[in-house]
Amino acid sequence: MYSELPYQFPMQGMNMNKQEKIEMYKKMADKGLWEVDHPDVRAFYERAQEEGVELVSNNVPHLGLFRAPYSQDLNGVDLAIVGLPMDIGVPNPRPGTRNAPKAVRFWGLDRNMVSYFNNLCPFDICNIVDYGDVEFVDDPYNLNSNLEEIARLYAQFKDQDIVPLTIGGEHTCTYAMLKGLGKDDPLAVVHIDAHGDTSVGFAGSVVSDASLFQNAAVGGYIDPEKMVQVGQRGRGIIRCDFSTNSGMRRIFADEAQEKGMPYVVSEIKRVIGDHPCYLTIDTDCIDCGEMPGTTLPEPFGLFGREVRDIIRGMYGMNLVGADLMELSPDYDPTGKSACLASGLAFEMMCLLADSKSRRNGEKHQTHWK
Ligand SMILES: [Mn+2]
């Protein structure tokens with residue numbers, strides 16, 4: 001899966017002498033930092049600079065992830081980036097996902113803001129805001145109370161036709177997001193994860209990051225027969241009979257890597273088609289060698305590049321939201337886990353923006369002023 005560069009080098013120098021070539025190269029080099037050839041991308045950069053977006057310095061605390069404007073005013077918003085810094089419900093005593101949104105924002109300090117894959121300028125087709133991190137106010141150390149707060153916010157997103165891109169937080173949060181977004185009709189789900197997350201609740205809690213999709217199916221928020229799970233492996237999947245029995249298509253990491261990502265994408269499209277679909281990625285889907293900074297690292301996993309190719313393969317589907325959960329940056333002192341997570345988050349933002357814009361049949365620009 002790759003896109004051809006839009007311009008082939010025209011071999012202009014074939015009949016030139018050395019001095020003529022140098023003159024030609026001088027002309028090519030005489031360009032501003034943002035004066036790129038692609039007309040749409042160039043127009044976007046011109047507009048961004050006119051609106052005062054800082055495109056040189058990385059000292060931009062006033063800007064959100066991927067330089068989206070921070071705002072909690074949801075009027076006219078198409079896509080909201082949300083941080084959910086929560087880790088009080090993880091069954092294994094490895095807290096830390098509360099630090100993920102901060103780490104992804106740090107590694108997402110990317111001034112380029114467009115995708116080379118398809119020359120997509122997400123901020124030119126959707127009104128995108130970074131909503132910031134949710135502060136749990138009702139009863140911050142009570143898991144059920146926090147889940148209720150999340151469900152209320154995501155029900156509001158659903159009512160206002162806003163597509164959320166969420167940076168977790170423990171995977172348990174996804175139960176509450178699905179409860180809000182799937183409150184009227186059950187959603188299709190693409191679930192990329194080392195684990196099935198369809199086991200039973202843990203240690204007295206009914207919903208956990210090991211059971212959330214069983215809970216969401218029982219709640220009527222998702223349709224298991226329109227759900228594809230990719231990347232499963234590890235000894236715990238033996239406890240996820242609910243996945244098979246309820247009709248989910250399970251593609252273990254072994255099958256995915258043997259048959260390749262184009263096959264995985266074709267299975268996702270066969271099972272889900274045009275149905276409104278939620279994409280949830282648990283960072284532990286990626287091999288522990290590439291992704292040590294996650295709550296429950298697993299060996300024998302997918303490559304980050306393979307997960308990226310699944311995301312890119314999903315263009316054209318009907319996405320209503322996406323999340324990237326369980327990054328636990330402090331277990332990885334190199335920073336590569338958070339760096340990879342932010343790369344995936346950008347691919348997800350582009351996919352969501354494209355899907356939302358096509359569904360609207362309109363392009364709405366993000367404005368910084
Ligand atoms: Mn999970």
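The values are calculated or read from the model by the stated rules, or taken from the named source; none is laboratory data. Since the structure is predicted, the reported quantities are computational estimates derived from the model, not experimental observations. Glycine gets a Cβ as well: all are built from the backbone with ideal geometry, and neighbour counts include every protein chain shown. Each accessible area value is taken on the protein alone, full model and side chains, heavy atoms only, with ligands, DNA and RNA left out. Shrake-Rupley method; radii C 1.70, N 1.55, O 1.52, S 1.80 Å.
Yes or no, residue by residue, for (1) within 14 Å of the ligand (Cβ to nearest atom); (2) touching an Asp or Glu at 6+ places or on another chain (Cβ under 7 Å); (3) acidic (Asp, Glu):
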| residue | (1), (2), (3) |
| --- | --- |
| 188 | no, yes, no |
| 208 | yes, no, no |
| 219 | no, no, no |
| 234 | yes, yes, no |
| 238 | no, no, no |
| 247 | no, yes, no |
| 252 | no, no, no |
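If you take just the helices (runs of 4 or more DSSP H) that sit entirely in the range 61-172, which of them hold at least 1 residues that are open to solvent by 10 Å² or more (accessible area, probe 1.4 Å) and either free of Cβ contacts under 8 Å to residues at least 60 places away in the same chain or of a type in the set (Lys, Arg) (or both)?
Here the list reads 100-107, 143-159.
Does at least one position in the range 178-195 carry a residue that is part of a loop (DSSP other than H, G, I, E, B), open to solvent by 40 Å² or more (accessible area, probe 1.4 Å) and either at pLDDT below 95 or at positive phi (or both)?
Taking the range 178-195 first, the residues part of a loop (DSSP other than H, G, I, E, B) are 182-186, 193-195.
Add one more test, that the residue is open to solvent by 40 Å² or more (accessible area, probe 1.4 Å), and what stays is 183-186.
Pick out the ones that are also either at pLDDT below 95 or at positive phi (or both) and you get none.
Within the range 178-195, none of the residues are part of a loop (DSSP other than H, G, I, E, B), open to solvent by 40 Å² or more (accessible area, probe 1.4 Å) and either at pLDDT below 95 or at positive phi (or both).
Could you tell me which residue of the range 190-231 is farthest from residue 168 (Cα to Cα), considering only residues that are in contact (Cβ under 8 Å) with a residue 60 or more places away in the chain and of a type in the set (Gly, Ala, Ser)?
Out of the qualifying residues, it is 203.
Evaluate the range 196-206: report whether one residue or more is away from the ligand (no atom under 15 Å from the Cβ) and touching a Lys or Arg at 6+ places or on another chain (Cβ under 9 Å).
No, because not a single residue in the range 196-206 is away from the ligand (no atom under 15 Å from the Cβ) and touching a Lys or Arg at 6+ places or on another chain (Cβ under 9 Å).
Among the numbered conditions (1) within 15 Å of the ligand (Cβ to nearest atom); (2) touching a residue at least 40 places away in the same chain (Cβ under 8 Å); (3) open to solvent by 50 Å² or more (accessible area, probe 1.4 Å), tell me where residue 359 comes up short.
Checking residue 359 against (1) within 15 Å of the ligand (Cβ to nearest atom); (2) touching a residue at least 40 places away in the same chain (Cβ under 8 Å); (3) open to solvent by 50 Å² or more (accessible area, probe 1.4 Å), the one that fails is (1).
Name the residue that is farthest from the ligand (Cβ to nearest atom), counting only residues in the range 318-342 that are closer than 18 Å to residue 277 by Cα and open to solvent by 10 Å² or more (accessible area, probe 1.4 Å).
Here is the first cut: in the range 318-342, the ones closer than 18 Å to residue 277 by Cα are 318-325.
Of the ones still in play, those that are also open to solvent by 10 Å² or more (accessible area, probe 1.4 Å) are 318, 320.
Details: 318: 23, 320: 19 Å.
Filtering the range 318-342 for residues that are closer than 18 Å to residue 277 by Cα and open to solvent by 10 Å² or more (accessible area, probe 1.4 Å), the one farthest from the ligand (Cβ to nearest atom) comes out as 318.
Can you tell me how many residues within the range 13-36 are over 15 Å from residue 112 (Cβ atoms) and either assigned to a loop (DSSP other than H, G, I, E, B) or open to solvent by less than 80 Å² (accessible area, probe 1.4 Å) (or both)?
Of the residues in the range 13-36, the ones over 15 Å from residue 112 (Cβ atoms) are 13-31.
Imposing the further condition that a residue be either assigned to a loop (DSSP other than H, G, I, E, B) or open to solvent by less than 80 Å² (accessible area, probe 1.4 Å) (or both) reduces the set to 13-17, 21-22, 24, 29-31.
Here the count works out to 11.
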